[in-house]
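Encoded as structure tokens, the structure appears first; notes follow it.
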Amino acid sequence: MAGISKNIMSKSPWVVHVNCNSCNGCDIEFLACLTPIYDAERLGIINVGTPKQADILVVTGSANYKNIDVLKNIYNQMPEPKVVVAVGACACTGGVFHSCYNVIGGIDEILPVDVYVPGCCPKPESIIDGLIEASRILEEKRIKIKNPDKGVAI
Amino acid sequence: MAKTVIPFGPQHPVLPEPLQLKLVLEDDVVVEAIPAIGYVHRGLEKLTELKDYEQSVYIVERVCGICSFMHSMAYTRGIESIMNIQIPQRAEYIRTILAEIARVQSHLLWLGLLADSFGFESLFMETWRYREDILDIMEMITGNRVIISANKVGGVTKDFTDEHIKFILDTINRLEEKIKDVENVFLNNYTVKQRLAGIGILTPEDARELGALGPIAKGSGIPLDLRTTGYSAYKYLDFEPIVDNHCDSYGRTVVRIKEIYQSFQLIRQAISKLPSGEIFIPVKGLPNGEVISRLEQPRGEAIYYIKTNGTKTLSRLKIRTPTFANIPTLLKMLPGSRLQDVPVIVLTIDPCISCTER
Ligand code: SF4
């Protein structure tokens, strides 16, 4: 049993997607990852509708004054361990909209971001790459929660 | 009967975008829908006052990732008319062809999302697979899949080679056959029909009164299509706006599917007439004046108001996008419908929230 459960999470990370302040470019590329041709499901990645079942939070677009609470709320509903992936230039730094009055900046101003996927908009290949990296970090976090005193180098 | 208020969104599995509707329900029947928007407001119009008018092309492209090409087309056409620039014929044709390709992409994307909204996952996957073929065309011509940056003030940045033209024609011929299969499912499958026919009814009178645009107006029998005014290279192509008299979600689906075929026709016509020559003329001076530039996007008519004052930056840019005009029709359609039909009805107006809020 221990053997089976060991890799279970990193082999099938469930993903919840939040559109923060994005122009849709990144969102449709994220959805394209899940459809044929790219088919992220073959890597066990499933897009779920509710944050309560998700391991990975994929955020597209930057933070603004209105969605900041929504984003925090969704993040807090996710069970530990959890990983945040910032997809697109907007989510990483604010992107082209960096100097807009309603844009606070990248997602890392609000949440601890683990993986950054740059590009405007990033190609599905690089988004999938980011998700694979995220599932590796997820596994490390899981081990860390299980054995708090051992400490694992991340 | 007691009333319940259910928030629909801002994060909802059906909508990739944060639109919030507060649904007032009696049992499971919607009595009222109250929209709350502003989750994706960036303040993009103000940003154009800080940037060079040529850089602003790249900003308006990012109003919306789905119809990004058409936004830059509306903006560059506006600036060109302020500066009295006559762009080369070939550039006009290339813009028209790319705009039609973008329209097919947008409609396929919408069909997929519609299938997803009533839980027909395999149909969603199938439609999106065909959409990848269209994105391949974009990638081949411009190097990017979604935000293609092919427009600039004075023309286009990418030329078509013979190889590109052959690829476009091959792809659309192949796709036309394949789309017939999904069309059959969308229009004739019993289950799908049950979810669409008679749902979200909008009478032609209401459509006129509320200012419906694009496929929503056309799905209610109003032939409203700005392409008939013959902007860009549309004046050299013939086509008739597509209308359907079902006046419900089914009618809007019919219109969009037929528009895909129509776009293929327009692409073929434009390619057969594609003139040779330059694709770009150098632009001198700075724009001074104001203009209203309009064009037909996949979701309806977009209006750009551009005001410049002879400096490098714009003094005002105002964008009225089709979804903004279509939200009142949505609020008209929702009351009286059942809760399970709300996602379908919301999707049939093809909401693009990032356009609406900019
Ligand atoms: S990174 Fe680019 S494509 Fe993605 S949301 Fe921002 S502007 Fe749009």
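The values are calculated or read from the model by the stated rules, or taken from the named source; none is laboratory data. All figures in this text were calculated on a predicted structure; none of them were measured in a lab. Counting neighbours? That spans all protein chains shown, and the Cβs are built from the backbone with ideal geometry, glycine included. These area figures cover heavy atoms from the full protein model, side chains too; ligands, DNA and RNA do not enter into them. Shrake-Rupley method; radii C 1.70, N 1.55, O 1.52, S 1.80 Å.
Considering protein heavy atoms only and a 1.4 Å probe radius, which residues within the stretch A:59-93 exhibit an accessible-area decrease of no less than 40 Å² in the full assembly relative to the chain by itself?
Residues meeting the cut-off: A:Lys66, A:Val70.
What is the dipole size for chain A, taken about its Cα centre, with +1 at each Lys and Arg Cβ and -1 at each Asp and Glu Cβ, in debye to the nearest 20?
Values: 14 positive and 16 negative charges, 95 e Å.
Its charge dipole is roughly 460 debye.
Carbon and sulfur atoms: what percent of the 1.4 Å accessible area of the stretch B:3-357 do they account for?
Answer for the stretch B:3-357: carbon and sulfur cover 51 percent of the accessible area.
Spin-label point model (7 Å from Cα, Cβ direction): what's the A:Lys52 to A:Glu125 distance in nm?
4.0
Anything in chain B that counts as a DSSP H helix reaching 30 Å or more along its axis (C-alpha) with Kyte-Doolittle mean of at least -1.0? List them, would you?
Sorted by number, the helices that extend far enough and score high enough are B:89-117, B:121-142, B:162-188, B:249-273.
Comparing the chain by itself with all protein chains present, which residues of the stretch B:34-48 are at least 50 Å² less accessible (probe 1.4 Å)?
B:Tyr39, B:His41, B:Arg42, B:Leu47
Chains B and A: buried accessible surface, both sides, probe 1.4 Å, rounded to 100 Å²?
3200
For the stretch A:14-146, give the share of DSSP beta bridges that are antiparallel, in percent and rounded to the nearest 5; count only bridges with both residues there.
The answer is about 10 percent antiparallel.
Per 20 Å bin, what is the whole-percent P(r) computed from every C-alpha pair distance within the protein assembly as shown?
That works out to 23, 56, 20, 1, in percent per bin.
So how far apart, in nm, are the two label points at A:Asp69 and A:Lys144 if each is 7 Å from Cα heading toward Cβ?
3.1
With no solvent and one equal point scatterer placed on each C-alpha of the stretch A:14-146, evaluate the Debye formula and give log10 I(q)/I(0) for q = 0.20 Å⁻¹, two decimals.
Cα-only, vacuum Debye calculation for the stretch A:14-146: -1.13.
Determine the alpha carbon to alpha carbon distance for each of A:Lys52/B:Lys22; A:Lys123/B:Lys166; A:Lys11/A:Lys123; B:Lys258/B:Lys332; A:Lys72/B:Lys193 and list only those over 28 Å.
Listed pairs above 28 Å: A:Lys72/B:Lys193.
Does the stretch B:90-170 come out rounded, prolate or oblate by the C-alpha gyration tensor, with a ≥ b ≥ c the root eigenvalues, rounded set by a/c under 1.5 and, if not, prolate when a/b is larger than b/c and oblate if not?
Prolate.
Counting only heavy atoms of the protein chains, get the accessible area per residue of the protein assembly as shown (1.4 Å probe) and round it to a whole Å² value.
Numbers: 19410 Å² over 512 residues.
Result: 38 Å² of accessible area for each residue.
Answer rounded, prolate or oblate for the stretch B:250-358, using the Cα gyration tensor with square roots of eigenvalues a ≥ b ≥ c: rounded when a/c is under 1.5, else prolate when a/b is larger than b/c, else oblate. Let's see the in-between values first.
On the way: a/c = 4.16, a/b = 1.43, b/c = 2.91.
Here the stretch B:250-358 falls in the oblate category.
In the stretch B:3-357, with Lys and Arg counted as +1 and Asp and Glu as -1 at Cβ, which of these residues, B:Ser315, B:Gly119, B:His164, has the Cα nearest the positive end of the dipole, that is, farthest along it?
Of B:Ser315, B:Gly119, B:His164, it is B:Ser315.
Kindly identify chain B as rounded, prolate or oblate by the Cα gyration tensor criterion: order the square roots of the eigenvalues as a ≥ b ≥ c, call it rounded if a/c is under 1.5, otherwise compare a/b with b/c, prolate if a/b is larger, else oblate.
Because a/c hits 1.5 or more and a/b fails to exceed b/c, chain B counts as oblate.
Dipole of chain B (Lys/Arg Cβ +1, Asp/Glu Cβ -1, origin at the Cα centre): which of B:Thr191, B:Ile147, B:Leu334 lies farthest to the positive side?
B:Ile147
For chain B, what relative contact order do you get, as a whole percent, if you take Cα pairs closer than 8 Å and at least 6 residues apart?
That works out to 25 percent.
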